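Data first, discussion second: the structure below is written as structure tokens.
The values are calculated or read from the model by the stated rules, or taken from the named source; none is laboratory data. Bear in mind that the values here come from a model prediction, so they are computed numbers and not experimental data. Glycine also receives a Cβ, built like all others from the backbone with ideal geometry; neighbour counts cover every protein chain displayed.
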Amino acid sequence: MLEISVGRSRYFFRDRLVQLLIYAAVFFVSAVFIWILADLVRGGVAHLSWNFLIDSPRDAGRAGGIGSILVSTLLILLVALVVALPLAWTTAVLLAEFVPVTSKFGVMVRYSLQVLAGVPSIVFGLFGNAFFSIYLGLGFSILSGGLTLACMLLPILVSTAEAGLRAVPDTYRMSAAALGMSRATTLFHLLLPAAAPALAAGLLLGIGRAVAETAALLFTSGYVERMPGSLLDSGRALALHIFDLSMNVPGGDAPAYASALVLVVLLLVINIFAMKLAFGLQRRRIMPA
């Protein structure tokens, strides 16, 4: 009895230690985020105003606002997602549902995605400049920047979507087959809603990388501060604007802090919207074809 009691005490101590370590890790991550957010609020909240959000930059960004910068950033992000999401999620469905894991084609595609995920962003920028800007004749434009970001987002979106689809239990597929449901109906009304959290996670990771990108956009979307008139106009992204204010513009610290605060708030809003959308998809009921 004494040995059993000692063994239980040891297991209880280990469980408590692991629990404390988990809580400590969560607290550390939260503290780092709160610290960064507090620093941004301290340095940039005094510079924030409605005019700052709608006016175009003046005097190299020291005066004016970030209205044209926000429009350019959202347009670049929109182009990247419109191009990347259909390609990525279609590829993920193909790899997860139609191609065996041991297939040479599937292995080749997954290996290519892994290599693509490890390519530095500056290389994507040079590729986008050479192919989209020069070869296709798009020049320094929002379209060139968005297409370059789409290439960067493909590995993240495909990997997370495929993992989410493979995590759906096979009983879902067998039950749908027993009910006579087609593969398309099973996919759209059962598998994709079940994998919605993974799809949302990949979408959030992709948006975070796209919005925070600087090097790739420097060679593709350009450096112009004015309001873009079309997708073929050059436009400066918000992350690139923050970098320029911090490194190249004397006296640009206050607008840089304010711009960074707007960027963080924008990411939080997008994250909340994406998570609500994912939960809404997951609650969808199975619909017959």
Looking only at the range 177-220, which residues are within 30 Å of L138 (Cα to Cα), in a helix (DSSP H, G or I) and hydrophobic (A, V, I, L, M, F, W, C)? L203, L204, L205, I207, A210, V211, A215, A216, L217, L218
Which residues, counting only those in the range 221-253, are part of a loop (DSSP other than H, G, I, E, B) and over 13 Å from I142 (Cβ atoms)? E225, N248, V249, P250, G251, G252
For the range 101-110, does any single residue satisfy the condition of being touching a Leu at 6+ places or on another chain (Cβ under 8 Å), assigned by TED's automatic domain parsing to the domain that holds I207, more than 14 Å from L231 (Cα to Cα) and at pLDDT 90 or above? no
Which numbered condition S133 misses (of (1) more than 26 Å from A196 (Cα to Cα); (2) in a loop (DSSP other than H, G, I, E, B)): (2)
Suppose we filter I76, I69 for residues that are touching a His at 6+ places or on another chain (Cβ under 6 Å), modelled with pLDDT of 90 or more and either closer than 18 Å to Y223 by Cβ or part of a helix (DSSP H, G or I) (or both); which single one remains? I69
So the check is Cβ under 6 Å with 6+ separation or different chains; which pairs have a first residue in the range 66-85 that's in contact (Cβ under 8 Å) with a residue 40 or more places away in the chain and a second one that's crowded, with 24+ Cβ neighbours inside 10 Å and basic (K, R)? I69/R236; S72/R236
For T102, only one of the following conditions fails: (1) part of a helix (DSSP H, G or I); (2) more than 17 Å from the chain's Cα centre (by Cα). What is its number? (1)
Check the range 2-11 and report whether any residue there is closer than 19 Å to I242 by Cα, modelled with pLDDT under 90, surrounded by 10 or more Cβ atoms within 10 Å (Cβ to Cβ) and small (G, A, S). no
Taking V119, is it among the hydrophobic types (A, V, I, L, M, F, W, C), at negative phi and either assigned to a helix (DSSP H, G or I) or not assigned by TED's automatic domain parsing to the domain that holds V71 (or both)? no
Can you find even one residue in the range 50-59 that is under 30 Å from A167 (Cα atoms) and either modelled with pLDDT under 90 or among the aromatic types (F, W, Y) (or both)? no
I need the full set of residues from the range 116-136 which are of a type outside the set (A, V, I, L, M, F, W, C) and at pLDDT 90 or above, in order please. G125, G128, N129, S133, Y135
Within the range 139-158, identify whether any single residue is in a helix (DSSP H, G or I), of a type outside the set (S, T, N, Q) and more than 21 Å from L85 (Cβ to Cβ), and answer yes or no. no
Does A60 qualify as being within 27 Å of F243 (Cβ to Cβ), in contact (Cβ under 8 Å) with a residue 60 or more places away in the chain, in the same structural domain as S221 (by TED's automatic domain parsing) and not charged (D, E, K, R)? yes
Look at T185 and say whether it is more than 30 Å from L218 (Cβ to Cβ), of a type in the set (S, T, Y), assigned by TED's automatic domain parsing to the domain that holds A88 and in contact (Cβ under 8 Å) with a residue 12 or more places away in the chain. yes
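This table checks each residue for (1) aliphatic (A, V, I, L, M); (2) assigned by TED's automatic domain parsing to the domain that holds A63; (3) without any contact (Cβ under 8 Å) to a residue 24 or more places away in the chain; (4) surrounded by 14 or more Cβ atoms within 10 Å (Cβ to Cβ).
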site	(1), (2), (3), (4)
A167	yes, yes, no, no
A178	yes, yes, yes, no
H189	no, yes, no, yes
P197	no, yes, no, yes
G208	no, yes, no, yes
G222	no, yes, no, yes
D233	no, yes, no, yes
R236	no, yes, no, yes
F243	no, yes, no, yes
